[in-house]
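Notes follow once the structure below has been shown.
The values are calculated or read from the model by the stated rules, or taken from the named source; none is laboratory data. For clarity, every value in this text was computed on a predicted model and none was experimentally measured. Glycine gets a Cβ as well: all are built from the backbone with ideal geometry, and neighbour counts include every protein chain shown. Heads up: the accessible areas ignore ligands, DNA and RNA and are worked out on the full protein's heavy atoms, side chains in. Shrake-Rupley method; radii C 1.70, N 1.55, O 1.52, S 1.80 Å.
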Amino acid sequence: MKIASLFQKEPVLCISALCALASMLLTPPSAVYASYIDFRVLILLFGLMAVVAGFQDCGLFELLAQRMLSGRHRMRAITLMLVLLPFFSSMLVTNDVALLTFVPFAILVLGMVGRTERILWVVVLQTLAANLGSMATPVGNPQNLYLYNSFSLSAGDFFGVILPLAAVSLAALILCALWGKDETLEVHFPEPAKLRRPKRLVLLCVLFLLCLLCVFRVIHEWALLAVVLVALLLAGRDLLPRVDYGLLLTFVCFFVFSGNLGQNETLRQVLTQALAWNTALVSGLVSQVISNVPAAVLLSGFTQDWRGLLVGTDVGGLGTPVASLASLIALRLYMKAPGAQLGRYLKVFTLANLASLLLLGAAAALFAAI
């Protein structure tokens, strides 16, 4: 029962652990395993997750959202703001955190104005927005952070590939959010959000800035880890248990899995040849099955085509519900909404994701050809 409960709670971690164990049959444990682990990525993820947990604890996101939505607004404007909140916030705080914050907020707002029939459509758009917005920065999602570090990309390299796709995504989301019946509504929150622990918020902003400086290689990762640990031990011990250690262990397991596969010449040749054919397409397809974060870690050892991997795993976060773990988070949150319909949600979600996948796939091919 404990194993079943763990698998239900952390399915990707369990799968990654099984993959790592199975790969040990190909390459028995040895000192070389230590070379598989990318400690820089783990340190950056740890620091960013701790800081974002602190931002949530301070009520920063709820305060900003309430100030944007309070008062009289057109329905289309309300929908647009509810969609753009996760799109832009996910660029800094990752797609899963954006959805954990703003999906319940959207359900609350639409319930308050008596438009619960719009919840399904808005949550689907929010899920797309978080997955698409998060691809726009190196810290927006874990696979971007990993690839940015693994291939030693510059800011120019990264943004030159991603920003055109982000612009297309934003335009499409705006058009979808503005679709539908319009009317004037008034939004009043019974309990106004307040900023909690302002002194801690200042410290968190400094730590977040240090994380960004480390991402862009201005400061060393071990120096960042020391500063973050000291700061949290002195002024934020309650944030340490809120770090997603399951995600960190998932990365470790896939580092081992990928490293062991790379030691097997036959498997290396198969994966290398597949990626040489079309890196973006192969990584996008693999993302549909094991999600885009593990796909990036697994495939990065078998190609130097970082552009294909970056586009394939970012755009590959669209499609099936498991292509991006954030999509599963949004689904769980939607099922808590009044009148939630799983079948209808999955139908709308699938159609919207397939349309987005085709649009961005075509855009990526066009931009690559220019």
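Computed quantities for the displayed model
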quantity: Label-zone membership for region 349-370, site residue 167, 7 angstrom Cα→C-beta point, backbone N under 16 Å; calculated: 360, 363-370
quantity: For region 96-101, Karplus couplings with θ = phi - 60° (6.51, -1.76, 1.60), whole Hz, Gly/Pro x; calculated: 5, 5, 4, 6, 4, 7
quantity: Alpha carbon convex hull of the chain, projected area averaged over orientations, nm²; calculated: 19.5
quantity: For region 155-249, alpha-carbon Rg relative to the globular expectation (2.2 N^0.38 Å, N residues); calculated: 1.62
quantity: Additional length obtainable on full extension of the chain from residue 74 to residue 209, 0.36 nm per residue less Cα span; calculated: 45.0 nm
quantity: Extended-chain gain in nm, criterion 0.36 nm per residue less alpha-carbon gap, residue 348 and residue 179; calculated: 59.4 nm
quantity: Per residue, in Å², the accessible surface of region 137-268 once ligands and nucleic acids are set aside, probe 1.4 Å; calculated: 50
quantity: Value in Å of the Kirkwood radius, where region 219-299 supplies the Cα pairs that are averaged; calculated: 15.3
quantity: Per-residue HN-Hα couplings for region 141-149 [Karplus 6.51, -1.76, 1.60; θ = phi - 60°; Hz; x = Gly/Pro]; calculated: 8, x, 5, 5, 4, 5, 5, 4, 7
quantity: Residues of region 180-202 with amide N under 20 Å of the 7 Å Cα→Cβ point at residue 336; calculated: 189-194
quantity: Rounded D (µm²/s) - region 1-121, Kirkwood Rh over Cα pairs, Stokes-Einstein at 25 °C, 0.890 mPa s; calculated: 137
quantity: Reachable lysines from residue 336, criterion Cα separation under 19 angstrom, eight or more residues apart if same chain; calculated: 9, 347
quantity: Within a Gaussian network of the chain (alpha carbon springs, distance under 10 Å), most fluctuating of 62, 221, 183; calculated: 183
quantity: Amide H partners (placed H, <5 Å) of residue 185, local residues excluded; calculated: 73, 74, 75
quantity: Whole-percent carbon and sulfur share, accessible surface of region 110-269, 1.4 Å; calculated: 67
